[in-house]
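The values are calculated or read from the model by the stated rules, or taken from the named source; none is laboratory data. These figures come from a predicted structure and were not determined experimentally. Here the Cβ is made from the backbone with ideal geometry for all residues, glycine too, and neighbour counts use every protein chain on show.
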Amino acid sequence: MNMLRILVWVGIGFLAWGCAWFVRETPPEWIMAPHQSYPVERYLTGIGEAESREQAEKRAYGAVARVFSAQVNTQSMDHETYSIQESEAGSQTRRNLQLDQRTQVTTSKVLENVKILDFWYQPSTRHFWALAGLDRQQAEKGILERLKEWDTKIENMIHQGRTHPQKIQRIRGYKEAMTLLADRDALNNDLRVIRNSGDSLPPSYRIPQIQREFMDFVAKNLVISVDIEGENRDDMERAILEGLKQEGLLGRRPADATSSEMADLAIVGQGRFWTVDLPDPLFKYVRWCGDIDIYENPSHRLIGVISETGREGHVTEKEARIRAGKIMQEVISKEIARLLTRTVFSVEPDSTQSQRVPNACSR
């Protein structure tokens, strides 16, 4: 009798375990049709499956990120290109504004709001399933708040560019406004994806419009003098001016092209060459150096120091000198344009750029 009872209870136990196992093996509705449980109008979802819960959640997050990023890319161009017509010499300057990095930054910010919405474990396969989702309403609210903050900053920077009494500060205002507008455009693309309507929040200003204002101001008001001593001084000065032009920073030259006192920005320095005696039977070598100081007037404040050197070789000393001259022009002109663009004309200039460094030509 006791044995019979034991067998009955064992049978009941197996039956209960089997029913429970069957119930647990039935996938939840969100796996088969996630959009029914979490409507697409409210959520952007992704599912992850793995042998561990942690890995399943990571894959779910990744699924949302891939979907969101793909939709952002379809809403925006990877590169925004605008053309600026220059009146001088009938030339045309084309400036490409890379948006890839900005898109990644804004997208990462939005994806910080992704949450795990649901979870399921499948005993027979010992796999974990996770459902991640981005709440569209919450994400839209956050984006709109950030757009409002950026619009205020953009308005302030444009006001600075149009009205500040100091020319350099006006340039900084214009350049910062264009940077913020590019960042805003990337965030606006995220808003299009988050909103089911696909609508965005148009900016009050466009980059080409502000770029044109900036270029006109620089061309009419910024006075730049270039005075380089040494061999090939004319070629060096032309290379420096061409580098500034490519960055949209070619202003007027003073009546006396080398008069630093009359200029808003004075670029002064020297370039030298000398033969290097090396035990090479095939090549002749020439070393070059360039030392450049950049001053801001009327204070005559030192705002940038560039000191570069290098060595070039060729089968003849003449050809080596020609090559050294070309390399020196390229390096120095790019460094001047880079320094002015990234430090002097930035909203928060890097003071370390103006610290005195050892002169390359005295080494």
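Set side by side, the residues Gln138, Gln169 differ, and just one is within 28 Å of Ile336 (Cβ to Cβ) and of a type outside the set (D, E, K, R), which is Gln169. Taking segment 125-141, which residues are in a helix (DSSP H, G or I) and surrounded by 17 or more Cβ atoms within 10 Å (Cβ to Cβ)? If the condition is that a residue be in a helix (DSSP H, G or I) and surrounded by 17 or more Cβ atoms within 10 Å (Cβ to Cβ), then Arg136, Ala139 are the ones that fit.
A Cβ distance below 9 Å, combined with a sequence gap of six or more or placement on separate chains, defines the contacts here; from segment 294-306, residues that are over 14 Å from Ile224 (Cα atoms) reach residues that are among the basic types (Lys, Arg) and assigned to a loop (DSSP other than H, G, I, E, B) in the pairs Leu302/Arg356; Val305/Arg356. Sub-6 Å Cβ pairs linking a first residue in segment 313-327 that is outside the structural domain of Asp235 (by TED's automatic domain parsing) and over 14 Å from Pro281 (Cβ atoms) to a second residue that is of a type in the set (A, V, I, L, M) and in a helix (DSSP H, G or I), at least 6 apart or interchain, number zero. Against the test of being in contact (Cβ under 8 Å) with a residue 60 or more places away in the chain, in a helix (DSSP H, G or I) and either surrounded by fewer than 15 Cβ atoms within 10 Å (Cβ to Cβ) or assigned by TED's automatic domain parsing to the domain that holds Val110 (or both), the options Arg212, Arg162, Arg192 yield a single qualifying residue, Arg212. For the criterion of being modelled with pLDDT under 90 and on the phi > 0 side of the Ramachandran plot, Gly133 fails.
Within segment 278-296, which residues are surrounded by fewer than 20 Cβ atoms within 10 Å (Cβ to Cβ), over 30 Å from Thr341 (Cα atoms) and in contact with a strand residue (DSSP E or B) (Cβ under 8 Å, 6 or more places away or on another chain)? Answer for segment 278-296, where residues must be surrounded by fewer than 20 Cβ atoms within 10 Å (Cβ to Cβ), over 30 Å from Thr341 (Cα atoms) and in contact with a strand residue (DSSP E or B) (Cβ under 8 Å, 6 or more places away or on another chain): Leu278, Asp280, Phe283, Lys284, Tyr285.
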